[in-house]
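**Student:** Below: one structure in structure tokens.
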Amino acid sequence: MGQEPYASDRQLFFPGSGLSAAERARIDALDIAIDEVTIDHLIYSMSKQIENNFQTFFSVAQDVVGEEKAREIAYEIGRRYGGQGYAKLLQAEGKESGEPRDMAIYQDLVHSIRGPKHASALFAEHNDSRCVVKRQQCIYYSEEHPENGKYTGAFESGCFEGYKQADPNLLRVEVHRCRWKGDSACEQHWVYQEDGMQPPETVI
């Protein structure tokens, strides 16, 4: 497995990722004056808002339409969300289908622009048959609301289906580990060619 050349650029960083726990707590509680807000506070807070929006949606959807329908909605949002993003990258490259390197570049790009928690997924690895993403954290899963993990799973399943619809070369997505299932980290494989590697229990 290899990574793109930019993965070895030690000058790359993500604003907000170095913010201390105390400073994160201050901005979360709005216990901070406007003239104290830095770029790190701002980007961390915007990323946290993405996470909070998902959790609020999951909770409200369950209250309004029930768990089964809420899962269906989460899946459909994921299907449109994942497929549209990857399709845009392929279109920008002038391609109708992709390969593991395209998926790795897409994963790195979107993980680098959605906040410090998502940036924990940097950097994807790839070879001729698959793209592998490993991460310690996920903006779609909240440690503060583990009861919503089932909706994170439905959303991500929808994303994976969206990827397959956007790229006819993508055979399947394998979930080897995932935070919402109780694992300590996430590991997902986008498989483009059979390579003899034993798939895990979850295959999409």
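**Student:** For region 151-201, which GluC sites (Glu not before Pro) pass both filters: DSSP loop (anything but H, G, I, E, B) and at most 16 other C-beta atoms within 10 Å?
**Tutor:** Passing both the DSSP loop test and the Cβ count: Glu194, Glu201.
**Student:** What net charge do the residues around Gln136 carry, taking every other residue with its C-beta under 12 Å from that of Gln136, with Lys and Arg at +1 and Asp and Glu at -1?
**Tutor:** +2
**Student:** Right, here's the next one. How large is ³J(HN,Hα) for each residue in region 78-95, as worked out from phi by the Karplus curve 6.51 cos²θ - 1.76 cosθ + 1.60 (θ = phi - 60°), to whole Hz, x for Gly and Pro?
**Tutor:** x, 4, 6, 5, x, x, 5, x, 5, 4, 4, 5, 4, 4, 4, 8, x, 10
**Student:** Are there trypsin sites (Lys or Arg not before Pro) in region 6-70 that DSSP marks as loop and that have at most 12 other Cβ atoms within 10 Å, and which are they?
**Tutor:** Here the trypsin sites (Lys or Arg not before Pro) that fit, given the DSSP loop and packing criteria, are Arg10.
**Student:** Now for a different question. Quick one: check the C-alpha center-to-center distance for region 102-167 versus region 22-64, whole angstrom.
**Tutor:** So the two Cα centres are separated by 20 Å.
**Student:** With the alpha-carbon atoms as the only input, what is the per residue convex hull volume for the chain in Å³?
**Tutor:** Considering the Cα atoms of the chain, their hull volume per residue is 135 Å³.
**Student:** On to the next question. Explain nothing, just the number: relative contact order of region 1-136, from Cα pairs under 8 Å at least 6 residues apart, as a whole percent.
**Tutor:** 29 percent.
**Student:** Same structure, new question: Any of Lys48/Lys95; Lys69/Lys95; Lys48/Lys69; Lys95/Lys150 with alpha carbons more than 29 Å apart? Name them for me.
**Tutor:** Details: Lys48/Lys95 34 Å; Lys69/Lys95 35 Å; Lys48/Lys69 26 Å; Lys95/Lys150 34 Å.
Those over the limit are Lys48/Lys95; Lys69/Lys95; Lys95/Lys150.
Taken together, the values in this text are just the output of simple stated rules run on the coordinates, not laboratory data. Please read these numbers as outputs of a predicted model, since none were measured by experiment. Please note: Cβ atoms are built from the backbone with ideal geometry, for glycine as well, and neighbour counts cover all protein chains shown.
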